[in-house]
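J.: Here it is, the structure in full.
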Amino acid sequence: MLGKIILLVSLILSPQLGWADSPADVTKHLISTMQACGQELGSPSAPPECTSEEIEKHLAIAQLARWLMGPHWDTIGTEKQTDFSGLLSGLLRELAYPRASEFLAKTQFEYGDTRLKGNEALVEVSVVNPDEGRVVIGFRLNHSDGVWRIWDVRLDGVSMAGNLRKQVQKIMAKQSYEELVKRMRQKITSAKTG
């Protein structure tokens, strides 16, 4: 009897066996957290649900970092991979999260279809913002380690990760990794000093 109870509990709690949040659930939670936190997101006085760490539970930052670097990822080595991933997180925290929270605070949402293809999903959300009008946002997710995580956002069909990848690849091709991280650090510092 005890064995059956343990099996039942493990089935219920195990995300690898299909009980994890769906792509739409992950997207809704991310949006509602950012919308509820608004300007408090990431501030030292923010409640626990408004920390950058809470937001990053829903993001595939390591996957995004690897994809942005493309063929350069394997050549830069583990230390630089870790550094780049950390800087990417820093940029998101200082620039993307505050802007997204401000935009989302004034919006109404209509959740559309979720399209699944293997370990990839696309969740479409129509938002109506008084300043921007109607915008279709596509959240691209990847399923890894039993969890769905967002790795790209498309605004009216334009991939934010794709645009960032082009910038990263251009700097890597014409200059260097060192120049790339220098620019990233400058943007983070500039955002912090406002």
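Values quoted throughout were computed directly from the atomic coordinates according to the rules given, and no laboratory measurement underlies them. Computed from a predicted structure; not experimentally measured. Here Cβ is always computed from backbone atoms with ideal geometry, including for glycine, and neighbour counts include all displayed protein chains.
J.: Against the longest principal axis of the chain, how steep is helix 177-193, in degrees 0 to 90 to the nearest 10, with axes from Cα atoms?
T.: Between helix and principal axis, roughly 80 degrees.
J.: Could you list SER32, SER89 so that the one with the fewest beta carbons within 10 Å of its beta carbon is first and the one with the most is last?
T.: Ranked by crowding around the Cβ, least crowded first: SER32, SER89.
J.: Provide Rg and Dmax in Å for the range 2-193, with only Cα atoms included in the calculation.
T.: 18.2, 63
J.: Using unit Cβ charges (K, R positive; D, E negative) and no other charged atoms, how large, in debye to the nearest 20, is the dipole of the chain about its Cα centre?
T.: Dipole size: approximately 560 debye.
J.: What do the square roots of 5 times the Cα gyration tensor eigenvalues come to for the range 80-132, in whole Å, largest first, as semi-axes of the equivalent ellipsoid?
T.: With the √(5λ) rule applied to the range 80-132, the semi-axes are 26, 21, 5 Å.
J.: Over the chain, calculate the relative contact order: mean separation of alpha carbon pairs under 8 Å at least 6 apart, over the residue count, as a percent.
T.: 22
J.: Run lengths n ≥ 4 of DSSP H only: what is the helix-derived mean residue ellipticity at 222 nm for the chain, with -39500 (n - 2.57) per run over all residues, to the nearest 500?
T.: -16500 deg cm²/dmol
J.: Could I ask something else about it? Using each residue's phi in the range 146-162, evaluate 6.51 cos²θ - 1.76 cosθ + 1.60 at θ = phi - 60° and report the 3J(HN,Hα) Karplus result to the nearest Hz, with x for Gly and Pro.
T.: Whole-Hz 3J(HN,Hα) from phi for the range 146-162: x, 9, 8, 9, 7, 10, 8, 10, 10, 9, 6, x, 9, 6, 5, 5, x.
J.: Right, another one. For ASN129 and ALA191, what is the calculated FRET efficiency with R₀ set at 25 Å and r taken between the beta-carbons, to the nearest 0.05?
T.: Once the sixth-power term is evaluated, E becomes 0.65.
J.: Can you pick out the pairs among LYS80/LYS187; LYS28/LYS174; LYS117/LYS182; LYS117/LYS192 whose Cα atoms lie more than 28 Å from each other?
T.: Over 28 Å Cα-Cα: LYS28/LYS174; LYS117/LYS182; LYS117/LYS192.
J.: Quick check: the angle from helix 23-37's long axis to the longest principal axis of the chain, C-alpha only, nearest 10 degrees?
T.: Around 60 degrees separate the two axes.
J.: Continuing with the same structure: For q = 0.14, 0.16, 0.26, 0.28 Å⁻¹, what log10 I(q)/I(0) does the range 128-194 give under the Debye formula with an equal point scatterer on each alpha carbon and no solvent?
T.: -0.70, -0.85, -1.00, -1.03
J.: Just going by the charge dipole of the chain, with Lys and Arg at +1 and Asp and Glu at -1 on Cβ, which of TRP151, GLN186, GLY133 is farthest out on the positive end?
T.: GLN186
J.: Compute the angle between helix 73-91 and the longest alpha-carbon principal axis of the chain, please, reported from 0 to 90 degrees and rounded to the nearest 10.
T.: That works out to roughly 80 degrees.
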